[in-house]
Each structure stands twice: as C-alpha cells, then as structure tokens.
C-alpha cells in the first residue's frame, strides 16, 4: 500500500509511464506559520559542540539512516549547518549526476534495470550532496517503482522535511524575509515543489535574488531567495545553470 501522495507534480513522458507514482505533499499550508531566518552563528556553535543535541556527526548519521523522528529544528541544523562541514562545496557537480542523465538519454521511459542504476547513481550523488532535493525526488520514485517502499518512504520524508526547512526560513514574499538556500539549484526545486512557473531570476542584492512568477500565486507576484551562504567559502561566482534532464518537474543536472 502506497503511503505517499502528490500535489502539483507531473512526470515528463507521463504518457509512456505504466503508472503514476504519488510522491509529495504540497508545502503551501506551511506558509503563514512562524518563519525565522537561520542564525548562522548559533547553528555553527550548536553543530560543533559534542554535548549538543545538534552535534553534526550524530545528527547527520541519523539523517543518513533515515531517522523518521528528526524534527524541523533538527533539519534546520542539518541543512544550514552543512555549510560549516568540510564536505560542503556548492560549486561542485557530482560525476554520478552525469551518469543519471545518461540513463535517461538511453531510455526516457525507465525499466527495472534502469531504476536500479538510477538508485545506485542517486545514492552516490547524496554522498556528495546529501540535501539534494532533485535526487531525493528521483530516489523516492525509483525505489517505489521497484517495490522498495521502506526506502521510498525514507527518501520521501527527507525531501518533504527539506522543503519545509527552506520554507521555514522566511515568508519568501519580501526581500526582508526570503527563503534561505545553500545551493543555487534549490531555488528551482522549491518552485517546482510548489508547482509554480516562473520567469527569469534576478539578483536584487549581494545576498538575494527575486523569482517572478509567470502567473501570480494569489496576490503573490514572486518569491525571494537568500543565497549568501553559498559564498561563505568561495567568493567567486560560477555558472549557475547547467544542462540537465527534467524529472517530475525538477531538473536533474
């Protein structure tokens, strides 16, 4: 019995799919709740102290094991605390991501052997980018397609909590209360999660960009994202957009 649900997503090449896999809860109900910007210094201290409940090695191990008891505060320390870990490199593209593209290029309508390859490559990506929404999305679908519902649910929970984490960091509707991301691509992932089409992204300050909507979401014309954490280690900007494959509304680079 499937435990996951979808709202606002459609699969590319859906006409060739044998079935529709239901993946995600729409995050819109989160809007309007109390949202606060992450305190970088407080998070850095909390994830660095062994006695802290947020000590990063222990918290990260729980995340990788798929601990379903992790709270939103746990995820906020995981996601925003990752920038303080030596593995964090927002400008690196895992080679396994290119292998995923090759699988889709060979067969846009994946079969059993393709799903197994996608799972292998997807998990390799997560070793380098453990909070990558598009590959958590892909893993959720691939595990579900082969009937591994335990891992399907584990990755679904990760994805859902990650989206709620980003959207808990602000309202997103003003430059003074943006959504905070640690990778440029996560902006696109949030918009896909909300099933919103958007126009060209515009940098409006040294730390913030604006994403105007093609069609207003109620009275909202667009959303703001804070990308300042991306430059905590490397000050030089790099090319943000890369060729990729769109899967379930989210681009896979």
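The values are calculated or read from the model by the stated rules, or taken from the named source; none is laboratory data. Quantities reported herein were computed from a predicted structural model and do not represent experimental measurements. Counting neighbours? That spans all protein chains shown, and the Cβs are built from the backbone with ideal geometry, glycine included.
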Problem - Members of segment 158-187 found to be in contact with a strand residue (DSSP E or B) (Cβ under 6 Å, 6 or more places away or on another chain) and either closer than 12 Å to residue 133 by Cα or part of a loop (DSSP other than H, G, I, E, B) (or both), listed by number - result: 166, 169, 170, 172, 173, 175, 178, 181, 187
Practice task
With respect to residue 196, determine if the residue is under 30 Å from residue 110 (Cβ atoms), crowded, with 22+ Cβ neighbours inside 10 Å and either under 17 Å from the mean Cα position of the chain (by Cα) or at pLDDT below 95 (or both).
Solution key: no
Completion exercise
Looking across segment 127-151 at residues that are more than 15 Å from the chain's Cα centre (by Cα) and in a helix (DSSP H, G or I), the single one that is surrounded by the fewest Cβ atoms within 10 Å (Cβ to Cβ) is 150
Problem - Matching option when the condition is at pLDDT 95 or above and within 22 Å of residue 74 (Cβ to Cβ), among 165, 187 - result: 165
Exercise for the section: For segment 71-94, state whether one or more residues are surrounded by fewer than 13 Cβ atoms within 10 Å (Cβ to Cβ) and farther than 22 Å from residue 180 by Cα. Expected result: no
